[in-house]
Amino acid sequence: MAAPGHGSGSLAALTAVFVVVTDQASKALVRTGIPRGEDRDLILGARLVHVRNDGVAFGQLGGSGALVGIVVAAALIGLLAYFALHRETPLIWLPTGLLLGGALGNLIDRLNVGAVTDFVKLPHWPAFNVADMAITVGVVALLLVVELHARRAGRATGDGPRRADGAEGRT
């Protein structure tokens, strides 16, 4: 097994490419197979829909094209800077690839059609797409990777978690 950090850039890039390809292929199928505004029952209340979203997460900031572009650009720059500074962190490539791929998948839509194609609709939840799923899983994975790394680093330096009585170990 390679040392942490070796090849993490390649793994992040491969993950991002996989997300972008899967996202764009699924959106192309929806755009050609379901007329905009129509929906198809899927399973357990879930539906396939064809809607356009010109905002960010779940339609927030809709109609604010320039602002959305600035927010997305700032988030991507922050993500890449964090990755560059922490590429030795085990598994950091996974959330980085998921987040980067998701952001790029939706950015491609914004540049090509002016809005993001969403197509999965759950009851009481806004429609979303593969890129959105990758971003959501990427955020959770990033939190887990950072937290696990911090705990490991704390144990290595003796600064690990302490019980309520002050002794080392789990509470």
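The values are calculated or read from the model by the stated rules, or taken from the named source; none is laboratory data. Quick caveat: nothing in here was measured; it's all calculated off a predicted structure. FYI the Cβ positions are ideal-geometry reconstructions off the backbone, even for glycines, and counts take in every protein chain you see.
Worth a mention:
- Residue that is farthest from D132 (Cα to Cα) [pool: residues in the stretch 86-108 that are β-branched (V, I, T) and part of a loop (DSSP other than H, G, I, E, B)]: T89
- Verdict on T89 being modelled with pLDDT of 85 or more, of a type in the set (S, T, Y) and under 14 Å from D23 (Cα atoms): no
- The stretch 80-102 - residue that is among the hydroxyl-bearing types (S, T, Y) and in contact with a helix residue (DSSP H, G or I) (Cβ under 6 Å, 6 or more places away or on another chain) and, of those, surrounded by the most Cβ atoms within 10 Å (Cβ to Cβ): T96
- Those residues of the stretch 112-125 which are surrounded by fewer than 16 Cβ atoms within 10 Å (Cβ to Cβ) and either among the aromatic types (F, W, Y) or within 17 Å of K27 (Cβ to Cβ) (or both), in sequence order: N112, V113, G114, W125
- Qualifying residue in the stretch 34-43 (condition: touching a strand residue (DSSP E or B) at 6+ places or on another chain (Cβ under 7 Å), in a helix (DSSP H, G or I) and not hydroxyl-bearing (S, T, Y)): no
The rows are residues; the columns are (1) touching a strand residue (DSSP E or B) at 6+ places or on another chain (Cβ under 6 Å); (2) touching a residue at least 60 places away in the same chain (Cβ under 8 Å); (3) among the aliphatic types (A, V, I, L, M).
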position	(1), (2), (3)
L104	no, yes, yes
P126	no, yes, no
V130	no, yes, yes
A150	no, no, yes
G154	no, no, no
